[in-house]
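Engineer: Here's a structure for you.
No lab work stands behind these numbers, since they all come straight from the coordinates. All figures in this text were calculated on a predicted structure; none of them were measured in a lab. Neighbour counts run over all protein chains shown; Cβ positions are idealised from the backbone, glycine included.
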Amino acid sequence: MITSRIKSFVIIIIILIITTLLLPIQTLFHKLNTQASYTLPMFYHRIFIKLLGIKITIKGEIDDKPGLIISNHGSWVDIFLISSISKTVFVAKNDVSKWPIISFLAKLQKTIFIDRNNPKKMIKTVKDIEKRILKNEKIVIFAEGTSSDGNKILPFKSSIFLICDLMKEKNINIQPISIAYTKYNGLAIDRTSRPLIAWYGNMNLLSHLYKMIQSGSFDIEITFHNKIDLSEKKSRKEISSECEEKIRNGFLQSLKRGI
């Protein structure tokens, strides 16, 4: 128990040191709007994932072209996972823009904040996403609208797929991905242990991070599905349903492989 606490303390210190060293560099890159502002978070998140004892298995092929990544969402860890694999920008709920420290870090990674309850702001945000894609950015959207408990996929919010209506003639790339937490300390993860990595509801972020570091290792499988074909002029609801089906099926297959 004491050894576990010492290990957790050391890891937290290392995270704080690395964050402190890289923060001013990323701030400069962000102000200069250089390509390095996309690369440095990727490097940082890879270190973070390794320190947390997370092993990632990737299924399928990553499409590195500008466009949308549509993903399920079970934890703050998902952001680190995706960002460690590809140079991405995230869409986050508007509440995150008001969180101390977290909002600053999110802005440094060019996060787009969205208010799903305000139709006018929603349309403005969707147009912002369109501009960012046309500037060669890859945007990640968690289509459930919130994080789940990691045991299931929540129904998708089709409103964010307004972007597909805006960019029908531009043949936007849309790639669904599934994230599944499959193993804990080498064994198949179950409902009782999944909250050690899943973050949802009113869980405290810092205490969750500490417990996660103390817990041990995790295996996570990420499946990159085939891109959605927009040549058939599908509606945003049809695209939302297709993404949800692909992601849910991929998620369930990952869980089965983890048994």
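Engineer: Once you list every other residue whose beta carbon is under 13 Å from the beta carbon of Ile56, what net charge do they have if Lys and Arg are +1 and Asp and Glu are -1?
Structural biologist: Net charge in that neighbourhood comes out at +2.
Engineer: Please identify the trypsin sites (Lys or Arg not before Pro) of the stretch 96-140 that satisfy two criteria: DSSP loop assignment and at most 16 other Cβ atoms within 10 Å. Which are they?
Structural biologist: Answer in residue order: Arg116, Lys135.
Engineer: Translational D (Stokes-Einstein, µm²/s) of the stretch 204-259 at 4 °C and 1.567 mPa s when Rh comes from the Kirkwood sum over C-alpha pairs?
Structural biologist: Stokes-Einstein gives a translational diffusion coefficient of 91 µm²/s.
Engineer: Can you pull the Kirkwood radius for the stretch 118-259, inverse mean 1/r over Cα pairs, to one decimal in Å?
Structural biologist: One over the average 1/r among Cα pairs gives 16.9 Å for the stretch 118-259.
Engineer: Continuing with this model, one more query. Please order Ile220, Ile14, Ile6 by the number of other Cβ within 10 Å, starting at the fewest. Display every interim value, and only then the final one.
Structural biologist: Details: Ile220 24, Ile14 13, Ile6 10.
Ranking Ile220, Ile14, Ile6 by Cβ neighbours within 10 Å, fewest first, gives Ile6, Ile14, Ile220.
Engineer: If you don't mind, another one. What trypsin sites (Lys or Arg not before Pro) in the stretch 225-259 are in a loop by DSSP, with at most 13 other Cβ atoms within 10 Å of the Cβ?
Structural biologist: Lys233
Engineer: Can I ask one more? For the chain, what is Rg from Cα atoms divided by 2.2 N^0.38 Å, rounded to two decimals?
Structural biologist: Normalised by 2.2 N^0.38 Å, the Cα Rg of the chain equals 1.00.
Engineer: Using DSSP, restrict attention to beta bridges with both residues in the chain and report what percent are antiparallel, rounded to the nearest 5.
Structural biologist: Expressed as a percentage, antiparallel bridges in the chain total about 30.
Engineer: Moving to a separate point now. Which ³J(HN,Hα) values in Hz, rounded to whole numbers, follow from the phi angles of the stretch 122-134 under the Karplus curve 6.51 cos²θ - 1.76 cosθ + 1.60, where θ = phi - 60° and Gly and Pro get x?
Structural biologist: These are the phi-based 3J(HN,Hα) values: 4, 5, 4, 5, 4, 5, 5, 4, 4, 4, 5, 5, 5 Hz.
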